[in-house]
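What follows is a single structure, written as structure tokens, with notes after it.
Each value in this text was obtained by applying a stated rule to the coordinates, not by laboratory testing. Remember, predicted model here, so these are calculated numbers, not experimental data. Positions of Cβ are generated from backbone atoms using ideal geometry, with glycine treated the same way; all protein chains shown enter the neighbour counts.
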Amino acid sequence: MRIVVWGTGITGIMTARVMMSRGHEVRLVDEKIPTSVPDIPVRLLAEEDLVWADLVIPSPGVPQHHPLLARAKKVLSEIEVAAGLLSGRLIAITGTNGKTTTTTLIHKILRAQGFDAGIGGNISPPLISLVEADPAYVVAEISSFQLEWIERFRPYISICMNITPDHLDRYRSMEEYTLYKLRIFENQAESDIAIINDDDPHLKDIPLKARRVVFSMHHPTVGDGAYVQNARIVFTGSFAGAGPRVPPPEKVGGGVIEDMLATALSGRLLGVSSEVMEEVFLSFKVIHHRFEFVEAIDGITFIDDSKATNVGALDKALSTLSSKVIIILGGKDKGGDFSDIAKRYRGAIRKAYVIGEATGRITGEIAGIVDCGAARDMEEAVHLAYGSASPGDVVLLSPGCASFDMFNSYAHRGEVFQECVRGLLKTEHAR
């Protein structure tokens, strides 16, 4: 088969290598030639490449509506191709927020139970990199971008954590974004399992062919499901019983407890003991830049939630805290509505400081609701937040926006925030 792999990131390179190893004629193309790709020649993308190919496998970063894709005979995503080459049970996790943590936790509990499990997808490494090892269980984080070009992609367990506004700079509406998220359930049959968030209005009543299993942070579940009571997961329905204990939300963030609920359901269904799950949960260290404690200075706690790149993640962070909050918002605009967040948490937000490209729009939405101001950069925002805080308060970086206006990634943004906080600590110690 003649295959064009479009994109020279790690996903594109791994896809090209796997396809070449299976005897296909592969062209690795990009709109800009990278400095080097070991062992694979790279072509500058041309329309002729798409006409030549029997199959085009685009990077998730290539939008579905790119005009050149209309010239392709067939387009499939890397996850579609990879899933067709893997023989193990596929556990696929999507959602606006929490999918990375949930993917990580499920992989951890399967390994702790002694199962042969691999991890990949939107979380590194690419799913196709697992083809050679072909583990018995494949735990995959899946984004809406990756679901745009699926055909037969069929997980044994599909999980959707939540759907809140995101990527509205790519999708034409919230309805279109939701449509692609829900494609994770599209090819499932009655023998498969769909785990969904019963608290999410976009998910609560969706039609499913697979067996429905639900989780809730706010009420006991009816039928097959799980909820949290007195810091312990409780299973209901056909597998009812006491489940693993979980850490207090203020330690890891309420969003992580939600992730543990979905993880525990997966574990229960796959034969992982509650004792093994509890050991993993209670020792779990939050993912870097996801509601991560940085320092406490003069009774003021600094939390790095740079991974909160949309308003849904911002909501999760604020819902966890009982203290007054000085919040740092902003970045590259993704179209989220900050006014509703400001209204719901106006009693908790002492001050908001906004940075980055979206400063004008965000301050325009929240200025009449909470006290807010603009900052030139992260360093100024951290200093202003510290100056506005009182002992017992939390300074929270939870931007609700992408990072690419001022930083290389959300991780880079979080590192800069942490450096600024530690700079404050050094200043205070020097006094």
Could you tell me what percent of the DSSP beta bridges with both partners in the chain are antiparallel, to the nearest 5? 20 percent
Working note, the range 319-375: Cα radius of gyration (Å, one decimal) and Dmax (Å, whole number) are 10.6, 30
Measure out, as a whole number of angstrom, how far apart the alpha-carbon centroids of the range 64-108 and the range 189-246 sit. 24 Å
The range 79-282: C-alpha pair distances exceeding 30 Å, %: 15 percent
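Only bridges with both residues in the range 79-282 count here: give the DSSP antiparallel percent, nearest 5.
Values: 8 of 34 bridges.
So the antiparallel bridges amount to about 25 percent of the total.
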Point-charge dipole on Cβ atoms (K/R +1, D/E -1) for the range 2-75, about Cα centre, debye to 20: 180 debye
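Could you size up the charge dipole of the range 213-363 around its Cα centre, putting +1 on the beta carbon of Lys and Arg and -1 on that of Asp and Glu, and report it in debye to the nearest 20?
Charge dipole of the range 213-363: 420 debye, to the nearest 20.
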Between residue 9 and residues 5 or more places away or on another chain, which pairs have amide H atoms under 5 Å apart, with H built 1.01 Å from N, and which residues are they? none
For the range 79-282, give the magnitude of the charge dipole about the Cα centre (Cβ charges: +1 Lys/Arg, -1 Asp/Glu; no others), in debye to the nearest 20. 260 debye
For the pairs 343/426; 307/351; 73/316; 108/307; 251/426; 209/285, note any where the Cα-Cα span goes beyond 32 Å. 343/426; 73/316; 209/285
Tabulate in residue order the Karplus-calculated ³J(HN,Hα) for the range 395-404, using 6.51 cos²θ - 1.76 cosθ + 1.60 with θ = phi - 60°, rounded to whole Hz; enter x for Gly and Pro. 9, 10, 8, 8, x, x, 9, 5, 9, 6
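Given the -39500 (n - 2.57) contribution per DSSP H run of 4+ residues, what per-residue ellipticity at 222 nm results for the chain, rounded to the nearest 500 deg cm²/dmol?
Here the helix-only value at 222 nm equals -9000 deg cm²/dmol.
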So if I take the centroid of the Cα atoms in the range 305-377 and the same for the range 27-50, what is the distance between those two points in Å? 41 Å
Residues whose placed amide H lies under 5 Å from that of residue 142, excluding near-sequence neighbours: 93, 94, 122
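Given the Cα atoms of the chain, and with Rh set as the inverse mean 1/r over their pairs in the Kirkwood sense, what is Rg to Rh to two decimals? Write out the running numbers ahead of the final one.
Working: Rg = 22.4 Å, Rh = 22.8 Å.
Rg/Rh for the chain comes to 0.98.
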When the chain is treated as a GNM, springs tying every alpha-carbon pair under 10 Å, which of 64, 146, 418 comes out with the largest mean-square fluctuation? 64
Between residue 27 and residues 5 or more places away or on another chain, the pairs with built amide H atoms under 5 Å apart involve 3, 4, 5
Residue-wise, which Karplus ³J(HN,Hα) couplings in Hz belong to the range 207-221, taking 6.51 cos²θ - 1.76 cosθ + 1.60, θ = phi - 60°, and x for glycine or proline? x, 9, 8, 7, 5, 8, 10, 10, 9, 8, 8, 10, 7, x, 7
Residue by residue through the range 244-259, which ³J(HN,Hα) values in whole Hz follow from phi under the Karplus form 6.51 cos²θ - 1.76 cosθ + 1.60 (θ = phi - 60°), with glycine and proline marked x? x, 6, 10, x, x, x, 5, 7, 10, x, x, x, 5, 4, 4, 4
Report the residue, chosen from 68, 130, 28, that carries the largest GNM mean-square fluctuation when the chain is represented by alpha-carbon nodes joined by springs under 10 Å. 68
